[in-house]
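Notes for the one structure printed next.
The values are calculated or read from the model by the stated rules, or taken from the named source; none is laboratory data. Computed from a predicted structure; not experimentally measured. No Cβ is skipped: glycine too gets one built from the backbone with ideal geometry, and neighbour counts run over all protein chains shown.
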Amino acid sequence: MRSGTLAFLAGILLFNQLAELPNANWRYLLVVCLCLVFLRPVRWLALIGLGFFWMHWNASILLSQTLPAELEGVDVQVKGEIVTVPQERERKTRYEFDVNQLNHNNSLIPFNGRVRLSWYGHHPELNAGDEWQFTVRLKRPHGLMNPGGFDYEKWLFQKKIIATGYVRHKQEYRLINSDSSRQWINRYRQNLKHRISLALENKPFAGILQALAVGLRDDISPEQWQVFTHTGTNHLMAISGLHIGLVAGLMFFVTRKLWSLPGFTVLWLPAQRAGLIAAMLAAFVYAALAGFSIPTQRALIMLLVVLLSQWFFQRRQPSQVLALALLMILVYDPLSVLQAGFWLSFGAVAIIFYGMNRRITCSEQGGINKWWWKWGRVQWLVAVGLMPVMLVLFGQVSVYSPVANLVSVPWMSILVVPFTLLGAVLSELSPYASTVLLDTAAVLLSWLWWFLQGLSGLPDVLWIQPIPPLWTVMLGIVGVIFVLSPTGVPARWLGVIWILPMLLWKPATPNEGEAWFTLLDVGQGLSAVIKTRNHALVFDTGPSRGSFDSGESVVIPFLRQSGVQHLNKLILSHGDNDHAGGANAILQMMPVEQVLSSEIPDLNFNIDSCYEGQGWQWDGVDFQIMNPSPTNILKGNNHSCVLKVTAGGRSILITGDIGYAAESRLIKKYQADLKSDILVVPHHGSTTSSTRDFVTTVAPEFALFAVGYHNRYGFPKPVVVNRYQESGSQILETAHLGAISFQLGGNRALRPLSYRQSSQRYWSAK
């Protein structure tokens, strides 16, 4: 069972490394592999193949539901049903919508599936289960692609979302049907969330208690998430194995005791089995309150395996129970392997089973079997055992996670969660009692919060490490197995040696005289990073809109993945949001020596002016500011900082948002010195820039457009693209290629590296 499950998992993981989806006919080999499973000599290979083709089958079905390319970005009319609780955030409300009819130009288009919609500004009341007709604009799943960044396309794929878009609220929309029996679980969750919010009157911890009760986390503030992240207690906000196991265990022991009290009831049904039934029902109800999210589905399956083993009085080894639960989840939803929670939950359980299974346990060994020792050991096991997984998934580990969880898990489980759930259950029956219970839960949480905030404010609370290569992670896992071996295994300390490569690995750095340049994919905006051997510079920081901040979500993860621990210079070409919106986040999250800008953005930092004539050299690489002129009367976009970088006879010109006037001044001032091998095209390819004279003078080999996918401005404009193509430039767009990198110097030819292409997976946008 155990080896077979691992083989099946290996087949699924192998398939997920493919860049393209294989021909659909290959999935019929699933039947062949199923037959070969019964032949012992080839069973392992057959199970690997079975996992491979099972994943192929599921992926093919999902990817066959594709929005036609010609319908991207145009008005279409859709009919369908809201299938999630709408999440209200600032100026927009977001929800998932099952489309059952799509109409374009009075023609029905064959398109059915789940889409993710946003409705901006004022809108009518939206409820789970409502049937609506909207005019929307849709696009295929497409996200930003940067080293170290979040893979939005993978996230949409594993949630089975086949398009995203927004409602055209100025166009026709109509409520077709509002039936509370449809999506009744989500409708109940939505109403319960509202009642909890009213009971707590928007108190600071209302969002956290809503998350604990109904699994809706959209009202948790960014500051609260930061505390959870810094203390390694994020898992407390996901209704998963910990919470469901707590509720099921409590109901099991209470029901078993109450069932046996009359005496005659055990003649009908043994108290043990009555407790098991109650435990399963309680777990099912709590999972329903969480909307049967993927983590709760996973927890339910794992719990079902354990309870059924108890029902049939089968004494199985923990590893066998874990393997059976894993197999059931992989069969039920093979896409779950794409989730971080899958690896964290199974990894944590496996580590606890492994580390707590002591081969030598002697009661005389000074309290070694006391509950407090065991609980402390569990936290140590999870912290050390999950370290490789945390580094691979997130590139960071909370230093104080064992201490935080040692206190937080029992406090939340024994006090906060029970009061919260009782308060939620009574919210409709007795609002007063519900308010008292929820207020009590909030007070208890506030006491814990004082402790967590204290830990979060300690220095070096996060150990941040570039995501290491796979070979170091595999060595690290071997090392962890050694370190956490049961007492009696000799030389366990040698496991530390195996772990060291993962902890000490550092990414490569440029040689003397080389510059590594990356134009990041920040959507409709600009941000570029230039690294020399011992220095790093960021030119512009991309936008900050609503809950998205490119400084926090794109630039900082890229810098950390590149091994950059502090910035020598941050240049903000001008103050527009799409160029300087992420600056505050960068200044808060990373040390910066100097900020240069042509304007004075609203930053809590001393800013120096950038102007023509400034220049410096780092590690044999020359940097030159070419605009604006100190006496220049040009304003707005034409006042943008322009930077030229030269390394090994190759050069890059980054131009911000300059227009015709600034281009003309640069041509007159620099003439032939304006020639560059790589040009970050002015103003994203707007018709207000890139005159023929400027294009001819710069004559770039590569013309880079920093643009968003299907952006509302229509950048880059075709006429501008044609100018560069006619001059012989190779056109590269971040919208289609993701982050674009070059290495200058070292007598090497210029070769662009597209992160989207290098990290391509079969679910990725092409």
Practice item. Starting from residues that are in a loop (DSSP other than H, G, I, E, B) and among the hydrophobic types (A, V, I, L, M, F, W, C), keep the ones in segment 684-711 and report whichever is surrounded by the fewest Cβ atoms within 10 Å (Cβ to Cβ). Key: ALA699
Check your understanding: Hey, does segment 144-165 have a residue that's crowded, with 20+ Cβ neighbours inside 10 Å, within 21 Å of the chain's Cα centre (by Cα), without any contact (Cβ under 8 Å) to a residue 40 or more places away in the chain and more than 17 Å from ASN103 (Cα to Cα)?
Key -> no
**Study point:** Set LEU117, LEU67: member being under 10 Å from ALA163 (Cβ atoms) and either modelled with pLDDT under 95 or β-branched (Val, Ile, Thr) (or both)
**Key:** LEU67
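Here's the yes/no breakdown for (1) in contact with a His (Cβ under 7 Å, 6 or more places away or on another chain); (2) farther than 20 Å from LEU462 by Cβ:
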residue: HIS535; (1), (2): no, yes
residue: ASP540; (1), (2): yes, yes
residue: PRO543; (1), (2): no, yes
residue: GLY551; (1), (2): no, no
residue: HIS566; (1), (2): no, no
residue: ASP578; (1), (2): no, yes
residue: GLY582; (1), (2): no, no
residue: ALA585; (1), (2): no, no
Exercise for review: Please verify whether segment 325-333 includes one or more residues that are assigned to a helix (DSSP H, G or I) and at pLDDT below 85.
Suggested key: no
Review point. Hey, among LEU212, LEU250, LEU200, which residue is aliphatic (A, V, I, L, M), buried (at least 17 other Cβ atoms within 10 Å of the Cβ) and either under 26 Å from GLN133 (Cα atoms) or within 27 Å of the chain's Cα centre (by Cα) (or both)?
Key: LEU212
Practice item. Spot the failing condition for ARG116; the list is (1) crowded, with 17+ Cβ neighbours inside 10 Å; (2) within 30 Å of GLN757 (Cβ to Cβ); (3) of a type outside the set (A, V, I, L, M, F, W, C); (4) more than 29 Å from the chain's Cα centre (by Cα), and only one is missed. Key: (4)
Revision key, fill the gap. Those residues of segment 423-436 that are surrounded by fewer than 18 Cβ atoms within 10 Å (Cβ to Cβ) and in a helix (DSSP H, G or I) come to a total of 5
Check your understanding: Is there any pair with a first residue in segment 184-200 that is more than 13 Å from ALA290 (Cβ to Cβ) and in contact (Cβ under 8 Å) with a residue 40 or more places away in the chain and a second that is outside any helix (DSSP H, G or I) and of a type in the set (Ser, Thr, Tyr) whose Cβ atoms are under 8 Å apart and which are 6 or more apart or on different chains, and what are they?
Key -> ARG187/SER180; ARG195/SER427; ILE196/SER427; ALA199/SER427
Review point. Among (1) in contact with a Gly (Cβ under 6 Å, 6 or more places away or on another chain); (2) at pLDDT below 90; (3) part of a helix (DSSP H, G or I), which single condition is PRO410 missing?
Key: (1)
Point to revise | Residue under evaluation TRP463, criteria (1) among the aromatic types (Phe, Trp, Tyr); (2) touching a Ser or Thr at 6+ places or on another chain (Cβ under 7 Å); (3) at pLDDT below 90, criterion not met | key: (2)
Point to revise | Pairs where the first residue, in segment 641-656, is more than 22 Å from ASN511 (Cβ to Cβ) and without any contact (Cβ under 8 Å) to a residue 24 or more places away in the chain and the second is basic (Lys, Arg) and surrounded by 24 or more Cβ atoms within 10 Å (Cβ to Cβ), C-beta under 9 Å, 6+ apart | key: none
Exercise for review: Looking at (1) out of contact with any Phe, Trp or Tyr (no Cβ under 7 Å at 6 or more places or on another chain); (2) in a helix (DSSP H, G or I), find the lone condition where THR440 falls short.
Suggested key: (1)
Practice item. Output the residues belonging to segment 673-683 that are touching an Asp or Glu at 6+ places or on another chain (Cβ under 9 Å) and in a helix (DSSP H, G or I). Key: PRO682, HIS683
Review point. Is it the case that segment 641-661 has a residue that's more than 19 Å from ASP578 (Cβ to Cβ) and in a helix (DSSP H, G or I)?
Key: yes
Point to revise | Criterion (of a type in the set (A, V, I, L, M), touching a residue at least 24 places away in the same chain (Cβ under 8 Å) and either closer than 30 Å to ASN25 by Cα or not assigned by TED's automatic domain parsing to the domain that holds LEU18 (or both)) met by exactly one of LEU63, LEU108 | key: LEU63
Exercise for review: Return yes when LEU674 is under 22 Å from PHE517 (Cβ atoms), surrounded by 24 or more Cβ atoms within 10 Å (Cβ to Cβ) and touching a helix residue (DSSP H, G or I) at 6+ places or on another chain (Cβ under 7 Å) and no when it is not.
Suggested key: no
Point to revise | Answer from ASN606, ASN577 - the residue that is over 25 Å from the mean Cα position of the chain (by Cα) and over 25 Å from THR646 (Cα atoms) | key: ASN606
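Quick grid of which residues meet (1) surrounded by fewer than 16 Cβ atoms within 10 Å (Cβ to Cβ); (2) touching a residue at least 12 places away in the same chain (Cβ under 8 Å); (3) out of contact with any helix residue (DSSP H, G or I) (no Cβ under 6 Å at 6 or more places or on another chain); (4) not in a loop (DSSP other than H, G, I, E, B):
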| residue | (1), (2), (3), (4) |
| --- | --- |
| GLN725 | yes, no, yes, yes |
| GLY728 | yes, yes, yes, no |
| ALA735 | no, yes, yes, yes |
| GLN743 | no, yes, yes, yes |
| GLY746 | yes, yes, yes, no |
| LEU750 | yes, yes, yes, no |
| ARG761 | no, yes, yes, no |
| LYS766 | yes, no, yes, no |
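May I ask you to verify whether ILE176 is assigned by TED's automatic domain parsing to the domain that holds PRO141, closer than 27 Å to HIS122 by Cβ and either of a type in the set (Asp, Glu) or surrounded by fewer than 22 Cβ atoms within 10 Å (Cβ to Cβ) (or both)?
Yes, satisfied.
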Check your understanding: When you go through (1) crowded, with 23+ Cβ neighbours inside 10 Å; (2) part of a loop (DSSP other than H, G, I, E, B) one by one for LEU236, which number turns out not to apply?
Key -> (2)
